[in-house]
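Beneath this line is the structure, given in structure tokens, with notes to follow.
The values are calculated or read from the model by the stated rules, or taken from the named source; none is laboratory data. Computed from a predicted structure; not experimentally measured. Positions of Cβ are backbone-derived with ideal geometry, glycine not excepted, and every protein chain shown enters the neighbour counts.
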Amino acid sequence: MKKLLLLSLLFLASFLYSQQDKSSKMGQTSLDELNMTIYDKDSTAAALVLYEHANIYLDKKNDYNTRTDFYYRIKILDQTAFDQANIVLNTYKKEKIVDLKARTYNLSEIGTKQITSISDDKVFKVEESEAWTAHKFTFPNIKVGSVLEYSYSKLSPYSGIDDWYFQSDIPKIKSEFDAAILGNYQYNVRITGFLGLDKDEPSILKKCVYIDGIGDGACAIYSYAMNDVPAFKEEDFMLSKKNYLSCLSFDLKSYTSPRGVVEKYTTTWKEADKKLKDIFFNNQTSKKGFFRRRIPENILAIENELEKAKSIYTFIQHHFSWNEKFWNSEDEKVKDAFEDKSGSAGEINLSLFNALQSADIDAELVILSTRNHGIPTTLYPVIFDFNYVLIKTTIHDKEYYLDATDKFSPFGQVPFRTLNGKARVINFKKESNWVVLKPKTKSSINTSARLTINENGDIAGNLITRRIGYAAQDQREKISNLGNDGYIEEYEGDNPNTEVESYEVRFKDELDKPLQEIFEVKIFMNEELTQKSRINPFFFNRLKENPFKLKERNYPVDFGYAKSNNFALSLEIPASYKVTQLPKQMAISLPNNGGSFLLKTINKGNVINIITRLSLNKKSYSSEEYFTLKEFFKRIVIAESSYIIIEKK
């Protein structure tokens, strides 16, 4: 989206500094690289970037467009990495791909280089949308041991500079970035991620260009590199990997014309707020009259302000169907969306904003980046960091954050996708401010089961589950989408030894209440009871596998919200049996009140009571806490893999 900033070069210049000479050339593949069979710094790597390089400068031969020369050399170490041979190069609107060259290198039978080049007719252009074009090709003759080498140049009339990712999902021996940028373009340069640069050499070259009629001009010269870059390994419970990949970003700050006129792009939040209103909200924040005529009179007549706000929220929530799009920026049209009863998250929540204001209820816009989009920088305004909007309302000095896209979200609970740290409250009468979005309530699942086992080893009884917060919201959506019959069928599929005799759900449509499910179940063991039998009593929601397996994780574990999961079982065994072993009792906790797990067992006669309580008190845990968290879950898996042993009297 940075490409939307289009500037025209209004002068002719001659580069005195030959940045083009820095560009990497084809033909660097060596016999040593072809003979390589394993990467000693990561023996599990299926592929390896031997070298990659980007070099940016103005191209005099192409109307002084920004030219980026790219070069890549990739080693295939395992057939699971053959997808590395499928290359997609994307261009935006007026951008062009030129001078594309690609070769596959293999070892011949006599140990020499065998080269297969790609012809131009094997590169396919696909119009992905009105704005984007994909250039696709596949390297031929791929084998384990192949080296893929390709280079190309991208010509762009735009001022935006694409992010350069030093890190990806395969390791890299060396990644380099060079650029020569005219001094009248001022950028904020950011390095994100957890890895350090091996080369960091920005400088100023005073006599970089000569401008006819003006004289010499300066350039900012950037030169960065990382060596031995490890692969980024994804794991459950994380935000967008864009937050953690080592990456170089350029945000345009200002442009100075040859006449000395400065045009600012990264300025104050007050100026950014105005741009948001005019461009990104498409002036859709002043439609109060339209919505005042469409909200039912009985809702507008409600005297209690909170009840009125809840009714307006429910009206918008059920009027629209969300089309799964987040924010259309300049294409948002709330009137059309209202008539169609369908819209993006932006159109639905802007409709809610107007509807609340039409009823004289205080409402403000809140812009944010969703969990899969990346964390926005707070150092200065970067409008394109944001891709979502929701609403804040303040009633009787209490703040509520609202999103009407989800029919299962209670008033004041925003969708899980929006829990991504800080969000920006936009108030067009005063400067905006940062807030942290938090869940309305702590999410929990509480399950109680009363079961009896007979002489045949069959178990029967009832199961009651009570869900609060996001656990309830997710379950309501699942039950609504599947219907009771479909839900029971899926439940039995997930629990193949369980048969549901009857099922009842309570408060499915009362979103502010806990969701309650009541089951009558039969659980079939694999065999009848014998002289000595063992039973795993963790029949429901047992943690069978540790979600944390990495040797090292240098980014946080992010659950999104604090949660708890409690289980209580009363199991009656036949009177002819006695208990000889119970699961070992356990009480463990995470440091700094981060969470706890309790396993308690009680045996009275032929009734066994087992209680487990798992509590995670924080939404996220730092990389320093990872090993403790990993060990915590390991011990839970072990605990819930233990058995009751019963013997005949």
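Residues checked against (1) among the acidic types (Asp, Glu); (2) in contact (Cβ under 8 Å) with a residue 12 or more places away in the chain; (3) assigned to a strand (DSSP E or B); (4) under 23 Å from SER18 (Cβ atoms):
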{"position": "SER151", "(1), (2), (3), (4)": "no, yes, yes, yes"}
{"position": "ILE161", "(1), (2), (3), (4)": "no, yes, no, yes"}
{"position": "ILE173", "(1), (2), (3), (4)": "no, yes, yes, no"}
{"position": "ALA179", "(1), (2), (3), (4)": "no, yes, yes, yes"}
{"position": "LEU205", "(1), (2), (3), (4)": "no, yes, yes, yes"}
{"position": "GLY217", "(1), (2), (3), (4)": "no, yes, yes, yes"}
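Table: residues versus (1) at pLDDT below 95; (2) touching a helix residue (DSSP H, G or I) at 6+ places or on another chain (Cβ under 6 Å); (3) not assigned by TED's automatic domain parsing to the domain that holds TYR158.
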| residue | (1), (2), (3) |
| --- | --- |
| VAL49 | no, no, no |
| TYR57 | yes, yes, no |
| ASN65 | yes, no, no |
| PHE70 | no, no, no |
| ARG73 | no, no, no |
| ARG103 | no, no, no |
| GLY111 | yes, no, no |
| LYS125 | yes, no, no |
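In summary, LYS308 fulfils each of the numbered conditions (1) modelled with pLDDT of 95 or more; (2) farther than 23 Å from SER344 by Cβ; (3) touching a strand residue (DSSP E or B) at 6+ places or on another chain (Cβ under 7 Å) with the single exception of condition (3).
Here is a check on your reading of the model: is GLY594 out of contact with any Leu (no Cβ under 7 Å at 6 or more places or on another chain) and under 15 Å from SER615 (Cα atoms)? When the stated conditions are applied, GLY594 passes them. Only one residue in THR29, THR37 is part of a loop (DSSP other than H, G, I, E, B) and exposed (fewer than 14 other Cβ atoms within 10 Å of the Cβ), so which one is that? Answer to the check: THR37. Please tell me if ILE115 is over 33 Å from the mean Cα position of the chain (by Cα) and assigned to a strand (DSSP E or B). Taking the combined requirement at face value, the residue satisfies it.
In summary, VAL607 fulfils each of the numbered conditions (1) of a type in the set (Val, Ile, Thr); (2) surrounded by fewer than 16 Cβ atoms within 10 Å (Cβ to Cβ); (3) touching a residue at least 40 places away in the same chain (Cβ under 8 Å) with the single exception of condition (3). Considering the conditions (1) touching a residue at least 12 places away in the same chain (Cβ under 8 Å); (2) over 30 Å from PRO410 (Cα atoms), PRO496 is excluded by exactly one of them, (1). Looking across the range 581-604, the residues that are closer than 29 Å to LEU239 by Cβ and buried (at least 16 other Cβ atoms within 10 Å of the Cβ) come down to LEU590, GLY594, GLY595, SER596, PHE597.
Filtered by the rule that a residue be of a type in the set (A, V, I, L, M), surrounded by fewer than 17 Cβ atoms within 10 Å (Cβ to Cβ) and either at pLDDT below 95 or in contact with a Cys (Cβ under 8 Å, 6 or more places away or on another chain) (or both), the range 610-649 gives a lone residue, ILE645. With respect to ILE110, is the statement that it is β-branched (Val, Ile, Thr), surrounded by fewer than 17 Cβ atoms within 10 Å (Cβ to Cβ), outside any strand (DSSP E or B) and over 30 Å from the mean Cα position of the chain (by Cα) true? So ILE110 fits the description; yes.
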